[in-house]
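Read the structure below first, then the notes.
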Amino acid sequence: MISPLAFIHPEAVIGYNVEIAPFVYIDRNVVIGDNNRIMPHASILYGSRIGDGNTIFPGAVIGAVPQDLKFKGEESTAEIGNNNTIREHVTVNRGTAAKGRTIVGNNNLLMESVHVAHDSLIGNGCVIGNSTKMAGEIVIDDNSIISASVLMHQFCRVGGYGMIQGGTRFSKDIPPYIIAGREPVAYCGINIIGLRRRGFSNELIERIHNAYRIIYQSGFNTTEALKEVEEKVPMSSEIEYIINFIRNSERGIVR
């Protein structure tokens, strides 16, 4: 299962049933779990931590040092969870002193040429489209769909269960359950099809829609709108998620 044409540092830790193709490079201070498949010319560099059941395609680079001029060689990691598909030429940089680690969760699909910068956090069940670039310390919540060629400013957060249209660039937070796109970026409605596919009931979808009608269409400022949502929309964990996301947003939300 391990090609003699691969380079594996003797200090690297490799789990069971791992397929390592020719011309793979695995550095020291690397830990790789069980049942992974690593295809030719992939590089797993210092500080990488790979879980179980991942497929890493040719040319991917995990654990390269950050593209951050403040990085001074401190110890940090790039952590990949379980059952991810990491396509050709994806790059996942390791962390800096800011957070110490970059994290990609479980069951994600990172398509060709995606870049995940230092100290970023990608949740679970996300789909990240071709050539999307994420700057440092971004957060993407679970079950998000980020289309192709999206440019994401540092420190931004994307809420779960939403969709960002292809070619979008943004520097503010994108709340959960919505579609964002256009130029400049704007709220484009809630992600109705995606929510139905995830098993959200029509009643719950309507509650989410009502919350965003208040937030985006009532004419209230953000503080007033959130109070109105709390008073007018039946409370659930999904509505609380929207309220807390927006209330705690440091960059402000897209309008």
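All of the numbers you see were taken from the coordinates with simple rules; none came from a lab. All values derive from a computational prediction rather than experimental measurement. Heads up, the Cβs are rebuilt from the backbone with ideal geometry, glycines too, and the neighbour counts pull from every protein chain shown.
Computed quantities for the displayed model
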read-out	value
Nearest-20 debye value, the chain charge dipole, Cβ charges on Lys, Arg, Asp, Glu	500 debye
Whole-Hz couplings from phi, Karplus 6.51/-1.76/1.60, listed for the range 97-114; x for Gly and Pro	4, 4, 10, x, 7, 9, 10, 10, x, 10, 6, 9, 10, 9, 7, 3, 6, 5
Relative contact order for the range 7-137, counting Cα pairs under 8 Å that sit 6 or more residues apart, in percent	16 percent
Computed label-point distance, nm, for sites GLU75 and PHE7 using a 7 Å Cα→Cβ extension	2.4 nm
For the chain, the Rg and Dmax computed from alpha carbons only, in angstrom	19.8, 65
The chain: relative contact order in percent, alpha carbon pairs under 8 Å with at least 6 residues between	9 percent
Gap separating the Cα centres of the range 183-239 and the range 63-135, nearest whole Å	30 Å
Förster-model FRET efficiency, 35 Å R0, ASP34 and ARG247, C-beta, rounded to 0.05	0.25
Entries of LYS70/LYS99; LYS99/LYS227; LYS72/LYS99 with Cα pairs more than 24 Å apart	LYS99/LYS227
Label-to-label distance, nm, for residues given as ASN107 and GLU228 (7 Å Cα→Cβ offset)	3.6 nm
Cα→Cβ-extended label distance, 7 Å offset, between VAL127 and GLU19, nm	2.4 nm
Likely footprinting exposure, VAL65, VAL150, VAL116, fewest C-beta neighbours within 10 Å first	VAL65, VAL150, VAL116
Largest to smallest principal axis extent of the C-alpha atoms in the range 7-137, angstrom	37, 31, 21
Amide hydrogen neighbours beyond the local backbone of ILE190, cut-off 5 Å, H modeled	ILE179
Between helix 237-247 and the chain: long-axis angle, C-alpha atoms, 0 to 90°, nearest 10	90 degrees
Residue order, fewest to most beta carbons within 10 Å, for ILE38, ILE193, ILE246	ILE193, ILE246, ILE38
Value of relative contact order over the range 199-255, rounded to a whole percent, pairs C-alpha under 8 Å and six or more apart	32 percent
Extension gain, ALA98 back to GLU183 (0.36 nm per residue minus Cα-Cα distance, nm)	27.5 nm
Residue-averaged 222 nm ellipticity for the chain, from DSSP H runs of 4+ at -39500 (n - 2.57), nearest 500	-5000 deg cm²/dmol
Least to most buried among SER43, SER120 (fewest other Cβ within 10 Å first)	SER43, SER120
In degrees, nearest ten, helix 222-232 long axis to first principal axis of the chain (Cα)	70 degrees
